[in-house]
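Worksheet: the structure to be examined is printed underneath.
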Amino acid sequence: MKVFLSHSTKDKEFVQRLAAALDGADFTPWLCEVDIDRGENFVARINEGLAQSDLALLVWSPDAAKSAWTEQEWTSLLAQQVEEHKIRLGIILLRDHPFPPLLRTSNRIDARWDQAAAIRETLDWLKGRQRVQRLSGLKAPVYLPDYRPKDFVGREAYLGRLQEVLTIEPGTFLLHGEPGTGKSMLALRFAWDTQKDFDAVVYQMCGARALDEITAELADRLPIDVKTQPPEEKRKQSMRWLRERQSLLILDDVWGRDAKQLEPGPPCSVLYTSRQPSLPWISAKQSLEVESFREEEAEQLFHAYLDTAFGEDEVTRHREALLGFAHKVEMLPIAVAVGASLLREKSASRLDRSVLKLRLDDLNDGVRDVPQLFRKAIASQPPREQRLLAGAAVCVQEGFWLPLVA
């Protein structure tokens, strides 16, 4: 396995010791000082070295952060990770310096206090990567719905929290909230954005279904031959496959406690989404409520959807009418997004008139059906709560007087 060493020349002493250790462990290190002769095209040889290397190690320090060449190398490597869905870059922190957001990844080794131990840890990490490449082939498996979240806006705080908890080291996390707040879309966006940090990314819809049915669907997604096996064996083989690599498993719309049996354990990270405010095996610190849009997020979404169709100035001019619709649907992200999608289809009409004609019953863009989502959410409630909601539906015509409903 060929390993590209990206570093500042000012960190040469450590890098040469690292290269010697790699060489002794049957890895082939690539260093620009050694592998580029005088007179050769410097840029072309570095690009060639990056292309020919299986993995790269970035030795991070204040000097590496200042180096334009080093920045070009690691940004090129991250682009390859995204394109190939395969981990290409590990980071060795030699001396303290803040990491750019793109480098906040789980594949990090601390060499600040004990360089010899860090070199040993690096060799172990490389051997693990070598095993995974033999198991996974050239591309890491990604099993996600066949669309990337479009027109996604806001939610930076949620994405940052997920990045912090699930990519620095293996972990579990719960996104919970009311139907339509965007839990699934948020999980999908996180999965798409962090493919480069995992060997495999697997999305599994759960819903109010039996564990064995969910297991069978999950096993069918993975490259394992268990079709004729009983459910327990399918579960066992699926969990083993996920544990053999640095994986991200998304269990979407979890209803029951038995979903815990689908948690593989380290080094696999698991992201749950659920309408339930808690799951017994996940602490409050490892969960976050996904709330409705803030006004600025709704406004940002309207611009993302409508600027091309109507023009930015026109969308800004009708800001109050658009936000009025958003408040009418209680800033629920799915309802705001479907409403914006329907408005986009009516670009030949006046925007203000189209907004006034939007009705809750019509919020169905062919992909997302808001009334059906509400019907399913109501049907999932106990009889007492359903009666309360039925009373609310009657009273809302007169302004929703809560004491009358009760």
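General remarks:
- Considering the stretch 328-381, the qualifying helices (runs of 4 or more DSSP H), each wholly inside and each with 1 or more residues that are without any contact (Cβ under 8 Å) to a residue 24 or more places away in the chain and among the charged types (D, E, K, R), run over 351-357, 370-379.
- Taken together, Phe325, Phe293 contain a single residue that is aromatic (Phe, Trp, Tyr) and either open to solvent by 40 Å² or more (accessible area, probe 1.4 Å) or within 21 Å of Ala157 (Cα to Cα) (or both), which is Phe293.
- One residue stands out in the stretch 177-206 among those that are within 15 Å of Leu159 (Cβ to Cβ) and aromatic (Phe, Trp, Tyr): the one that is most open to solvent (accessible area, probe 1.4 Å), namely Trp192.
- Within the stretch 301-320, being surrounded by fewer than 15 Cβ atoms within 10 Å (Cβ to Cβ) and not acidic (Asp, Glu) holds for Thr308, Gly311, Thr316, Arg317, Arg319.
- Taking the criterion of being part of a loop (DSSP other than H, G, I, E, B), touching a Lys or Arg at 6+ places or on another chain (Cβ under 7 Å) and within 24 Å of Ala379 (Cα to Cα), no residue of the stretch 251-279 qualifies.
- Filter pass, Arg120 being in contact with a strand residue (DSSP E or B) (Cβ under 6 Å, 6 or more places away or on another chain) and either open to solvent by 30 Å² or more (accessible area, probe 1.4 Å) or at pLDDT below 75 (or both): no
- So Arg294, is it basic (Lys, Arg), touching a helix residue (DSSP H, G or I) at 6+ places or on another chain (Cβ under 8 Å) and on the phi < 0 side of the Ramachandran plot: no
For every residue, the table says whether it meets (1) acidic (Asp, Glu); (2) touching a Ser or Thr at 6+ places or on another chain (Cβ under 9 Å); (3) under 26 Å from Gln195 (Cα atoms); (4) at pLDDT 85 or above.
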| position | (1), (2), (3), (4) |
| --- | --- |
| Glu48 | yes, no, yes, no |
| Ser67 | no, yes, no, no |
| Thr70 | no, yes, yes, no |
| Glu73 | yes, yes, yes, no |
| Val82 | no, no, yes, no |
| Leu103 | no, no, yes, no |
| Trp113 | no, no, no, yes |
| Leu126 | no, no, yes, no |
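- Residues of the stretch 382-405 that turn out to be assigned to a helix (DSSP H, G or I) and either on the phi > 0 side of the Ramachandran plot or modelled with pLDDT of 70 or more (or both), as a count: 14
- Among the residues of the stretch 261-290, those identified as open to solvent by less than 10 Å² (accessible area, probe 1.4 Å) and either in contact with a Pro (Cβ under 8 Å, 6 or more places away or on another chain) or within 30 Å of Val336 (Cβ to Cβ) (or both) are Cys268, Ser269, Val270, Leu271, Tyr272, Thr273, Ser274, Leu279, Val290.
- Odd one out for Val355 among (1) within 22 Å of Gly182 (Cβ to Cβ); (2) at pLDDT 90 or above: (2)
- Exclusive hit being open to solvent by 10 Å² or more (accessible area, probe 1.4 Å) and either within 25 Å of Asp313 (Cα to Cα) or within 27 Å of the chain's Cα centre (by Cα) (or both), set Val336, Val367: Val367
- Meets criteria (of a type outside the set (Gly, Ala, Ser), touching a strand residue (DSSP E or B) at 6+ places or on another chain (Cβ under 6 Å), modelled with pLDDT of 90 or more and open to solvent by 40 Å² or more (accessible area, probe 1.4 Å)) for Pro231: no
- Output for the stretch 249-260, where each listed residue is open to solvent by 10 Å² or more (accessible area, probe 1.4 Å) and within 15 Å of Leu188 (Cβ to Cβ): Asp253
- Against the conditions (1) in a loop (DSSP other than H, G, I, E, B); (2) open to solvent by less than 50 Å² (accessible area, probe 1.4 Å); (3) within 23 Å of Leu186 (Cα to Cα), Arg209 satisfies every one except (2).
- Any hit, the stretch 218-227, residues being of a type in the set (A, V, I, L, M), closer than 21 Å to Ala335 by Cα and surrounded by 16 or more Cβ atoms within 10 Å (Cβ to Cβ): no
The values are calculated or read from the model by the stated rules, or taken from the named source; none is laboratory data. Computed from a predicted structure; not experimentally measured. Don't worry about glycine lacking a Cβ; one is built from the backbone with ideal geometry, like all the others, and counts go over all protein chains shown. Just so you know, the surface numbers come from the protein's heavy atoms only, side chains and all, with ligands and any DNA or RNA stripped out. Shrake-Rupley method; radii C 1.70, N 1.55, O 1.52, S 1.80 Å.
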